[in-house]
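**Student:** Can you keep this structure in mind? I'll have questions shortly.
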Amino acid sequence: MSRLLKEYKKIQTTLSPNSTHHNNNDDDEFNQIITYLHPISTSDLTHWQAQIKGPQGTPYANHEFQLQIECPPTYPIEPPIIHFQPLSMPHCNVNFQTGAICLDILEKQHWTPAWNLMTTMKAIWILLKDPVPDSPLNVDIANILRVNDQSAYNGLLNYYLSASPSPSTTK
Amino acid sequence: MTDNNDEGKDAGSSSLALPFADAPTIVQAHQKDLQIESILTEKLTTLLTSLKGQLFTNTYPKEISIAVKLLYLTLTTFRGRRTLGEEYVDLIYVDRKGTGLVKRYRKLLFILSYTLGPYLITKVYNKLCAKIYANEEDENRKKISLKQVLSAIVETHLVLFYFKGAYYEISKRLFGLRYSIGHEPSANEAQTREQSTNTYKLLGNIMLLQQTAEVLPICKGWFKSYYSKDEKGTLTNEKQSQGDIQAGILTRIPNESEVNHLNLSDKEIFPFIPEDARKCILCLAYMTDPSCSPCGHIFCWECILDWCKERPECPLCRQECQIQQILPLR
């Protein structure tokens, strides 16, 4: 638990809005990726929520995506359990219905405790930038990617992203 | 001690003085007070959480409970009122002889030593430890025995209380705050009191046995080392301080108090490790007992061991790292 407390402090200084604080590039980079990352209630550091920005140069640009994070009691020996908001994320490695993410470092056998919540957010952001159609959770999008049909890909994603309700109105 | 008790009996039989309280009554009052203090602590914690946030209350739980004790005792004992626990079993403070009330400055001294004493002692003690660690290995042993002496004093005091039922806290003994019962007990009450007092004496006997069992081996060790010192000088001394290492073989797992932990928050330990590399990536705190994996990455001993039990690879570079390959740096 003390590790999560330390992470929380670090996140607070890194993501603080007064950017005079940020003296190094890493902090700037995290600020460009993460809108917010905080525990749902300060009395319970095992449940967190986050919002990340869609990477520029992808259909996700100018959209923001909410994530639910759950840290098991054994964290950081075991990885955090992270989901996108259900029905909000069209991505070949994300289950559209549940929001589950297929990412190796979030699995027990590939996780290492050297990761923390902020770097994990960055890993998910990179997954948005570089989808991996060979281990899909959304087969339709993966198939379009495999045949490299860019216009179909962009069109489908734009349709989903503009049609899907904003996270605040999702039930 | 015996003087006190005799005088107590005298005071009890004389018509004016009140009888001294017995051990079970005092414990009962103490428990009631503890309960009240825990309620107060909870309230203060909630208040501080809303004012200063969860982080603050998580960092200073000890200080908060001390503040509550200080507040509680100042509002009751120092003002000349009784605490709720004392009221519950009808106890009042009297001086050592049981013939007069306790002076105010004594009460103040008691409150300060009772609340702040243990806290300050541990703080000073830890500081001393840190200094001694840095200076000399040999002094280490003295420090450990100091800790043992302190806990022995506390335990002896408890045994005395179980036998005599006079002072439950050391600070009350120091400043002479004894308890009397505020009324003449009826025959029935006196009988039950005597019975439970005997139970406490039995408890005292058991504790005395336990203490003897603990102290005897230590004395034996001192005795031995004293004699062997005469014969072989500093050589055996060194052996002893290494935690029962004989001819390079560890004969038992050393107690937590005997382990000489290295913490990198002390800048004088391993000064060649730069500041930005002194924290363990696993617990994010300054490393305790820095330990090296075969690939050369450094972590806390406990952190890397915990992880390698889960999966035997370096958390940073995923190179194979069996538990037996991890080397603690000394």
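The values are calculated or read from the model by the stated rules, or taken from the named source; none is laboratory data. The shown structure was predicted, so the numbers you read here are calculated from the model rather than taken from an experiment. Quick reminder, even Gly has a Cβ in these numbers, built from the backbone with ideal geometry, and neighbours come from all protein chains shown. What goes into the accessible areas is simple: the full protein's heavy atoms, side chains included, and nothing from ligands, DNA or RNA. Shrake-Rupley method; radii C 1.70, N 1.55, O 1.52, S 1.80 Å.
**Student:** Restricting the search to the stretch B:296-306, which residues are in contact with a strand residue (DSSP E or B) (Cβ under 8 Å, 6 or more places away or on another chain) and crowded, with 18+ Cβ neighbours inside 10 Å?
**Tutor:** Passing the criteria: B:298, B:299, B:300, B:301, B:304.
**Student:** I'm trying to understand the selection: among the residues of the stretch A:79-92, which are part of a strand (DSSP E or B) and open to solvent by 30 Å² or more (accessible area, probe 1.4 Å)?
**Tutor:** A:81, A:83 - these are the residues of the stretch A:79-92 that are part of a strand (DSSP E or B) and open to solvent by 30 Å² or more (accessible area, probe 1.4 Å).
**Student:** Residues in the stretch B:10-25: is at least one under 23 Å from residue B:181 (Cα atoms), surrounded by 15 or more Cβ atoms within 10 Å (Cβ to Cβ) and modelled with pLDDT of 85 or more?
**Tutor:** For the stretch B:10-25, residues under 23 Å from residue B:181 (Cα atoms), surrounded by 15 or more Cβ atoms within 10 Å (Cβ to Cβ) and modelled with pLDDT of 85 or more: absent.
**Student:** Scan the stretch B:296-319 residue by residue and report those that are acidic (Asp, Glu) and away from chain A (no Cβ under 11 Å).
**Tutor:** B:302 - this is the single residue of the stretch B:296-319 that is acidic (Asp, Glu) and away from chain A (no Cβ under 11 Å).
**Student:** Out of the residues in the stretch B:320-329 that are assigned to a loop (DSSP other than H, G, I, E, B) and over 22 Å from residue B:270 (Cα atoms), which is farthest from the other protein chains (Cβ to nearest Cβ)?
**Tutor:** Only one residue fits best here, namely B:322.
**Student:** In the stretch B:309-330, which residues are of a type in the set (A, V, I, L, M, F, W, C) and touching a Ser or Thr at 6+ places or on another chain (Cβ under 8 Å)?
**Tutor:** B:314, B:316, B:321, B:326, B:327, B:329
**Student:** Return yes when residue A:97 is part of a loop (DSSP other than H, G, I, E, B), within 14 Å of chain B (Cβ to nearest Cβ) and among the polar types (S, T, N, Q) and no when it is not.
**Tutor:** So residue A:97 fails the test.
**Student:** Among what's in the stretch A:127-138 and is touching a residue at least 40 places away in the same chain (Cβ under 8 Å) and not in a loop (DSSP other than H, G, I, E, B), pick the residue that is farthest from residue A:83 (Cα to Cα).
**Tutor:** Among them, the one singled out is A:129.
**Student:** Please work out which residue is modelled with the lowest pLDDT, limiting yourself to the stretch B:172-206 and to residues that are aromatic (Phe, Trp, Tyr) and in a helix (DSSP H, G or I).
**Tutor:** For the stretch B:172-206, the residue satisfying everything is B:175.
**Student:** Of everything in the stretch B:57-67, what is open to solvent by 60 Å² or more (accessible area, probe 1.4 Å) and assigned to a helix (DSSP H, G or I)? Give them in sequence order.
**Tutor:** B:58, B:59, B:61, B:62, B:63
**Student:** Given the structure, is residue A:76 farther than 26 Å from residue A:92 by Cα and surrounded by 14 or more Cβ atoms within 10 Å (Cβ to Cβ)?
**Tutor:** yes
Residue by residue, here is whether (1) of a type in the set (A, V, I, L, M); (2) within 30 Å of residue B:189 (Cα to Cα) holds:
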{"position": "B:65", "(1), (2)": "no, no"}
{"position": "B:68", "(1), (2)": "yes, no"}
{"position": "B:74", "(1), (2)": "no, no"}
{"position": "B:83", "(1), (2)": "no, yes"}
{"position": "B:94", "(1), (2)": "yes, yes"}
{"position": "B:99", "(1), (2)": "no, yes"}
{"position": "B:107", "(1), (2)": "no, yes"}
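**Student:** To continue, here is another question. Among the residues that make up the stretch B:56-66, is at least one of them over 25 Å from the mean Cα position of the chain (by Cα) and assigned by the TED database to the domain that holds residue B:189?
**Tutor:** no
**Student:** OK, next. Of all residues being under 14 Å from residue B:24 (Cα atoms) and out of contact with any Asp or Glu (no Cβ under 9 Å at 6 or more places or on another chain) in the stretch B:170-200, which is least open to solvent (accessible area, probe 1.4 Å)? Just the residue, please.
**Tutor:** Checking each candidate, the answer is B:180.
**Student:** Scan (1) more than 24 Å from residue A:5 (Cβ to Cβ); (2) hydroxyl-bearing (Ser, Thr, Tyr); (3) open to solvent by 30 Å² or more (accessible area, probe 1.4 Å) for the single condition residue A:60 breaks and write down its number.
**Tutor:** For residue A:60, the failing item is (3).
**Student:** If you don't mind, another one. Condition first: of a type in the set (Gly, Ala, Ser), exposed (fewer than 14 other Cβ atoms within 10 Å of the Cβ), more than 11 Å from chain A (Cβ to nearest Cβ) and over 29 Å from the mean Cα position of the chain (by Cα). Can you find one or more residues in the stretch B:278-295 that meet it?
**Tutor:** Scanning the stretch B:278-295 turns up no residue that is of a type in the set (Gly, Ala, Ser), exposed (fewer than 14 other Cβ atoms within 10 Å of the Cβ), more than 11 Å from chain A (Cβ to nearest Cβ) and over 29 Å from the mean Cα position of the chain (by Cα).
**Student:** Can you tell me how many residues in the stretch A:61-94 are of a type in the set (D, E, K, R) and within 14 Å of chain B (Cβ to nearest Cβ)?
**Tutor:** 1
**Student:** Could you tell me which residue of the stretch A:13-40 is most open to solvent (accessible area, probe 1.4 Å), considering only residues that are modelled with pLDDT under 90 and within 14 Å of chain B (Cβ to nearest Cβ)?
**Tutor:** This residue is A:23.
**Student:** Please verify whether the stretch B:36-51 includes one or more residues that are surrounded by 12 or more Cβ atoms within 10 Å (Cβ to Cβ), in contact (Cβ under 8 Å) with a residue 40 or more places away in the chain and assigned by the TED database to the domain that holds residue B:107.
**Tutor:** yes
**Student:** So which residues in the stretch B:174-200 are over 33 Å from the mean Cα position of the chain (by Cα) and closer than 30 Å to residue B:115 by Cα?
**Tutor:** Answer for the stretch B:174-200, where residues must be over 33 Å from the mean Cα position of the chain (by Cα) and closer than 30 Å to residue B:115 by Cα: just B:183.
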